[in-house]
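S.K.: Starting off with a structure, shown below.
The values are calculated or read from the model by the stated rules, or taken from the named source; none is laboratory data. The model shown is predicted, which means the values in this text are computed figures rather than measured ones. Heads up, the Cβs are rebuilt from the backbone with ideal geometry, glycines too, and the neighbour counts pull from every protein chain shown.
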Amino acid sequence: MSQYETDEEKVEAIKKWWKTNGMSVVVGVAIGLGAVFGWRGWVAYKDSVGGEASAIFEQLTVNVDTGNDQAVLKQAGWLSSDYSSTPYAALGALMAAKVQYDSGDAAAAMTALQGVVDNAPDPALARLAAVRLARIQVAQGQLDAAEATIDAHDDGGPFSGDFSAVRGDIAAARGDNAKAKEQYERAIAAGSGLAPLLRLKLDNLPSAG
C-alpha cells in the first residue's frame, strides 16, 4: 500500500479542510474581486459562478464516494476549465489526482497536482498538493524532482512533518540510512499523521555498520 493511499489527508480530509477553511478562502476571493468590480459585482459573481462551482464540487464528492472515477475526472476538468477562479477548481484537482494515481496514471496525477501547486488560491492547498506531488515523484524514482519540490514549498509550517517524511524516503532510496532515520524521527516529532508507518520504516532501516 503506498503512502499516498495511507495518508490521512485523503478525500475526507479535503472535505473537512473545506468545511473549516472554505469561508476564509471565499472571503479572500471576495475581497480581491470587490476591489476590482465592487461589492455588487462580487455578489453577482458569487451567486452565478460560485454557486455553480459549488454544486459541481458537491456532485464530484458524491462520485468519489461511489467510485465513479470517470465522472470525477470530468467534473474536475469542468471546474478547472470553467471555474478556475474559484477554490473548487483546486479541490477538484486534488481529488482527480488521487483517482488518477490509484488507477495507475501517475503522470496525469503529477500534472494535476502541479497545477494545484501553481494555481491554488490558498497556500495550505498548494502545500498539500506539493506533499502529494513529492510522494509520487519518489514512488516514480524521480528523487531529484521530489527534493526540488520539497525545497520550494516546505516553509516549516503545518506540513513540515509531512515534508520531512518524504525527505526520509528520498534518503532511504539513496541508501543514506542515517539521514532517513533523522528525517523520519523529525516527521514523527512534528506530528505527521503517518507516524505508525514511519515507525515501521524506522524499524526496517538497516542497522548502521
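S.K.: Looking at region 153-166, can you tell me whether even one residue there is part of a helix (DSSP H, G or I), in contact with a Phe, Trp or Tyr (Cβ under 9 Å, 6 or more places away or on another chain) and farther than 30 Å from Ser84 by Cβ?
M.R.: yes
S.K.: If I go through region 83-105 residue by residue, how many of them are acidic (Asp, Glu) and in contact with an Asp or Glu (Cβ under 8 Å, 6 or more places away or on another chain)?
M.R.: 1
S.K.: Being touching an Asp or Glu at 6+ places or on another chain (Cβ under 8 Å), among the charged types (D, E, K, R) and under 21 Å from Ala89 (Cα atoms) is the filter here; which residues of region 112-164 pass it?
M.R.: Arg127, Arg132
S.K.: Filter region 60-84 for residues that are polar (S, T, N, Q) and crowded, with 16+ Cβ neighbours inside 10 Å; which is farthest from the chain's Cα centre (by Cα)?
M.R.: The residue in question is Asn68.
S.K.: Suppose we filter region 151-209 for residues that are charged (D, E, K, R), within 21 Å of the chain's Cα centre (by Cα) and loosely packed, with under 13 Cβ neighbours inside 10 Å; how many remain?
M.R.: 2
S.K.: Can I ask one more? Starting from region 101-126, keep only residues that are farther than 20 Å from Gly141 by Cβ and of a type in the set (D, E, K, R), then list their pairs with residues that are modelled with pLDDT under 95 and in a helix (DSSP H, G or I) whose Cβ atoms are within a distance under 6 Å, requiring at least 6 positions of separation or different chains.
M.R.: Partner pairs satisfying both residue conditions: Asp122/Val25.
S.K.: Only one residue in Ala139, Ala106, Ala96 is under 13 Å from the mean Cα position of the chain (by Cα) and either closer than 22 Å to Ala172 by Cα or among the aliphatic types (A, V, I, L, M) (or both). Which one?
M.R.: The match here is Ala96.
S.K.: Hey, another quick one. For region 138-149, name all the residues that are within 20 Å of Lys98 (Cβ to Cβ) and either in a helix (DSSP H, G or I) or touching a strand residue (DSSP E or B) at 6+ places or on another chain (Cβ under 6 Å) (or both).
M.R.: Val138, Ala139, Ala145, Ala146, Thr149
S.K.: Every residue in region 86-137 that is crowded, with 16+ Cβ neighbours inside 10 Å and not in a helix (DSSP H, G or I), please.
M.R.: Thr86, Ala120, Pro121, Asp122
S.K.: Next question. Evaluate the following for Val138: is it without any contact (Cβ under 8 Å) to a residue 40 or more places away in the chain, closer than 25 Å to Ala71 by Cα and hydrophobic (A, V, I, L, M, F, W, C)?
M.R.: When the stated conditions are applied, Val138 does not pass them.
S.K.: Going by the conditions given, is Leu143 touching a residue at least 40 places away in the same chain (Cβ under 8 Å) and either surrounded by fewer than 23 Cβ atoms within 10 Å (Cβ to Cβ) or of a type in the set (Asp, Glu) (or both)?
M.R.: No; evaluated as a whole, the condition is false for this residue.
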